[in-house]
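The values are calculated or read from the model by the stated rules, or taken from the named source; none is laboratory data. This is a predicted model, so every value here is computed, not measured. Positions of Cβ are generated from backbone atoms using ideal geometry, with glycine treated the same way; all protein chains shown enter the neighbour counts.
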Amino acid sequence: MPTVIGRDELTTLTGQGAQLVEVLPAEDYAWARLPGSVNLPLKQLDTSTGQLDRSRPVIVYCHDSL
Amino acid sequence: MSPRAAWRLEAAGFGPVYDYAAGKTDWLAADLPFEGSAQLAGMFTRRGVATVAEPTSAAEALRLLDRQGFGPVLVLNQSGVLMGAAYRPHLESASGQAQVGTVMRFGVTTVRPSEDAAALAHRMSHAQVTRVVVTRPDGTRDRPRDHLPGPVGALRQHAHRRLHLRPGRQLPVQPGRRHPPRPTLGTVRILREQAEQPRPSVGLTGSRIEKTAGPGE
């Protein structure tokens with residue numbers, strides 16, 4: 001079950017090697033993104049996970065919780 | 001969207017999977033480093049605006065204002081929450097020993113560093129506001145922004161005025177590192193533009209917005 005985290009946990013986890021994934025469309029990613037994140041839009045998620053390292057934790061985010 | 005992605009990735013065998021549910025909105029509003037083409041108000045915010053506690057004397061606040069070279073002085077409570085702003089006329093007319101909290105203007109409006117800079121400038125022009133104080137959303141050390149009325153008559157909207165955004169600096173990108181707590185980020189000021197300057201492609205009329213104050217500058 002995925003764990004919901006906040007900013008502090010995100011910072012800690014990325015410091016420990018977690019991968020940061022923005023699941024918004026490419027235009028949103030180009031506009032502004034968290035440093036070090038990769039873009040895997042939700043609609044292409046199933047075909048683009050090859051970019052991710054299965055040995056490291058993954059953090060996903062979009063705009064907000066709404 | 002991110003919960004669906006998180007569950008999907010977990011089902012695909014990734015783990016552990018975390019969901020930063022507050023997302024980009026939360027990150028940008030916290031004035032944290034980002035990458036991309038966005039021009040946000042935080043990029044135009046000059047840091048280092050003078051701040052005082054409510055019990056500070058008017059004379060001391062005036063000294064700070066003179067040293068800083070621009071105003072107003074922002075008044076914070078013991079928790080670092082922005083309570084108001086003290087302007088030069090208020091400070092000069094008050095007794096030197098008067099507490100700033102008694103002469104400040106209470107309840108200044110705030111904006112976030114994640115505001116789109118062009119949209120903010122447009123709103124400020126409409127409101128005839130020349131300066132805005134930037135704070136983080138919780139009003140304390142994590143991200144507030146307020147806007148303060150500027151000098152009377154300093155900004156008037158005319159058809160021949162142009163909005164021209166002049167970027168300040170990009171926030172440094174430091175993955176995995178948070179900015180130190182800053183109760184108040186600074187101020188953004190709108191200046192009137194010369195009539196003969198060309199209209200920018202953004203097509204907004206009004207004024208230009210530029211950095212006026214901030215920490216470490």
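In the stretch B:2-14, which residue that is on the phi < 0 side of the Ramachandran plot and surrounded by fewer than 22 Cβ atoms within 10 Å (Cβ to Cβ) is farthest from the other protein chains (Cβ to nearest Cβ)?
That would be B:A11.
It is to be established whether one or more residues within the stretch B:52-64 are part of a strand (DSSP E or B), at pLDDT 80 or above and within 17 Å of B:T130 (Cβ to Cβ).
For the stretch B:52-64, residues part of a strand (DSSP E or B), at pLDDT 80 or above and within 17 Å of B:T130 (Cβ to Cβ): absent.
When the stretch B:28-52 is examined, which residues are found to be without any contact (Cβ under 8 Å) to a residue 40 or more places away in the chain and not polar (S, T, N, Q)?
B:G36, B:A50
Among residues belonging to the stretch B:118-128 that are surrounded by 22 or more Cβ atoms within 10 Å (Cβ to Cβ) and of a type in the set (A, V, I, L, M, F, W, C), point out the one that is farthest from B:A41 (Cα to Cα).
Looking at the filtered set, the residue picked out is B:M124.
Between residues in the stretch A:36-49 that are more than 10 Å from chain B (Cβ to nearest Cβ) and residues that are part of a loop (DSSP other than H, G, I, E, B) and at pLDDT 90 or above, which pairs lie under 6 Å by C-beta distance while being six or more apart or on different chains?
Filtered contacts from the stretch A:36-49: A:S48/A:L40.
Exactly one of these conditions fails for B:T25: (1) among the β-branched types (V, I, T); (2) at the interface with chain A (Cβ under 7 Å from one of its Cβ atoms); (3) touching a helix residue (DSSP H, G or I) at 6+ places or on another chain (Cβ under 7 Å). Give me its number.
(3)
Mind counting the residues in the stretch B:67-95 that are surrounded by 23 or more Cβ atoms within 10 Å (Cβ to Cβ) and assigned to a loop (DSSP other than H, G, I, E, B)?
2
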